[in-house]
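The values are calculated or read from the model by the stated rules, or taken from the named source; none is laboratory data. Just so it is clear, the structure is predicted and the values come from calculations on it, not from any experiment. Neighbour counts run over all protein chains shown; Cβ positions are idealised from the backbone, glycine included. Surface areas here come from the heavy atoms of the whole protein model, side chains and all, with no ligands, DNA or RNA. Shrake-Rupley method; radii C 1.70, N 1.55, O 1.52, S 1.80 Å.
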Amino acid sequence: MAGAAGDLGFRIAQALLTRGARVRALVRPGNHKPAVTALQDLGAEVIEVDFNSVTALTKACAGAACVVSALSGLRDVIVDGQKRLLAAAVAAGVPRFIPSDYSIDYTKLPNGSNRNLDLRREFNQRLDQAPIQATSILNGMFTNLLTGQAPVVLFGLKRVLYYGDADQLLDFTTIANTAEFTAAAALDPSTPRYLRVAGEVATVRGLQRAANEATGEPFKLLRVGGLWVLGTLIKVTKTLMPASDDVFPPWQGMQYLHNMFTGLPKLTPLDNARYPTIRWTPVREVLATKK
Ligand SMILES: NC(=O)c1ccc[n+]([C@@H]2O[C@H](COP(=O)([O-])OP(=O)(O)OC[C@H]3O[C@@H](n4cnc5c(N)ncnc54)[C@H](OP(=O)(O)O)[C@@H]3O)[C@@H](O)[C@H]2O)c1
C-alpha cells in the first residue's frame with residue numbers, strides 16, 4: 001500500500017487487515033505521523049521507502065499480490081510518482097495494481113474540465129499499456145464532504161445549494177465504505193478494469209430530504225443558476241487566486257461539482273453488490289453527524 005498513512009489509505013489498510021490480509025505499508029522516510037505507529041499496532045509491516053527510486057520501490061513491492069495506491073497530489077505524485085510505483089510493481093512481478101482514482105467517472109469527462117481528474121486519466125492511459133491487471137475504484141464524491149468542504153448542504157442557512165437541474169442523479173460514498181470496497185477488491189483476483197460504487201445515489205431534492213430528516217429542520221432548495229453560472233464562477237475564482245500547489249483549491253471542488261451536475265460522470269452500472277458484507281452508509285446518516 002502506498003499512501004497508507006493518509007486518510008483513505010489508512011482506512012484501506014485497516015480494512016485489509018480486518019479481512020485477514022498481510023499489509024505492507026510503504027511510507028516516505030521520516031514519516032512519524034501517528035498513523036504510522038497505528039498501522040504497526042494493527043499488524044501492518046511498515047517500510048520506509050524512497051518514492052523517487054524505482055529500484056527501492058521494486059524491492060518494497062517484492063512478493064505482493066496487489067499494489068494499492070492511495071497517494072494524493074498533483075502531477076508529481078499522480079502521474080510521475082504513480083508511474084514509478086507502476087514500473088516497480090511490474091518489475092517485481094506483482095500481478096495487480098489499484099491506482100489512486102476514487103472519484104467520479106473521469107473516463108466520461110472531456111480533458112480540461114477537471115485538473116485533478118485529467119491527471120488520473122493520463123496516468124491510467126499508461127496503466128492500460130502496462131503488463132499488469134489494473135482495477136480503478138470509482139465512488140463519486142466522498143459523502144463526508146457534505147458536512148464540510150462541499151458547499152451544497154448549508155446547515156446555517158438551511159438551504160441546499162445547487163446549479164442546473166435539481167433532479168440530476170449524483171453519486172456519494174463515504175470514505176469508510178470506499179476503503180472497505182477497495183480492500184475487498186484488492187483481495188479479489190478477478191476484478192474488472194473499473195468498479196463503480198455509490199453508497200447513495202441522490203438528487204439535490206434527495207439531499208434536501210436527507211438534511212430535513214438528519215436535522216429535524218426544514219431545508220429549502222437554493223438554485224444559484226444554470227451550469228454556465230458555475231462555469232463562470234470557476235473561471236473568475238481561478239483568475240483571482242494565485243497559482244499554488246494546493247491539491248484542492250476552492251475552484252477544484254467547484255470543478256468537481258460542475259462535473260457532477262452535468263451528469264456526465266454518473267456511475268453506471270453500480271458494483272455495490274459485488275461484496276455483499278458491506279453496509280452502505282446513507283447520506284442522511286452522514287449529515288446527522290454534523291453538530
Ligand atoms: N471522491 C472524493 O470526493 C475524494 C475526496 C478526497 C480525496 N479523494 C481521493 O482519495 C485519494 C486519497 O486521498 P486522501 O484524502 O486520503 O489523501 P491524504 O490524506 O492527503 O493522504 C495522501 C497520502 O499520499 C502520500 N503522499 C503524498 N505525496 C507523496 C509523495 N510525493 N510521495 C509519497 N507519498 C506521498 C501521503 O504521505 P505522507 O503520509 O508521508 O504525508 C499520504 O499518505 C486520492 O486519490 C484523492 O484524490 C477523493
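Write down the Kirkwood hydrodynamic radius of the range 200-269, to one decimal in angstroms, obtained as one divided by the mean of 1/r over all alpha carbon pairs. Please report the intermediate quantities before stating the final value.
Details: mean 1/r = 0.0700 Å⁻¹.
It works out to 14.3 Å.
Suppose we take every Cα in the chain and form the convex hull; what volume per residue is that in Å³? Write out the running numbers ahead of the final one.
Working: hull volume 39.3 nm³, N = 291.
In the chain, the Cα hull volume divided by residue count equals 135 Å³.
Note on the range 258-274 and the range 54-133: Cα centroid distance 21 Å, given to the nearest whole angstrom.
If you take the alpha carbon atoms of the range 82-152 and fit the smallest convex hull around them, that volume is 106 Å³ per residue. The orientation-averaged shadow of the Cα convex hull for the range 6-61, equal to a quarter of the hull surface, comes to 3.7 nm². Coordinate range of the alpha-carbon atoms in the range 122-242 per principal axis, descending: 51, 39, 26 Å. Over all directions, the projected convex hull of the C-alpha atoms in the range 22-141 averages 7.7 nm² in area. Each residue, K83 and L270, gets one label point 7 Å from its Cα in the Cβ direction; the gap between the two is 3.7 nm.
As a check on your grasp of the helix formula, calculate [θ] at 222 nm for the chain: sum -39500 (n - 2.57) over DSSP H runs of n ≥ 4, divide by the residue count, round to the nearest 500. It would help to have the intermediate numbers written out before the result.
On the way: 10 runs with 110 residues, N = 291.
Theoretical 222 nm ellipticity from helices: -11500 deg cm²/dmol.
Using a 1.4 angstrom probe on heavy atoms only, work out the carbon and sulfur share of the accessible area of the chain in %.
Details: 7270 of 13120 Å².
Roughly 55 percent of what the probe reaches on the chain is carbon or sulfur.
Taking all protein chains into account, the per residue accessible area for the chain stands at 45 Å² (1.4 Å probe).
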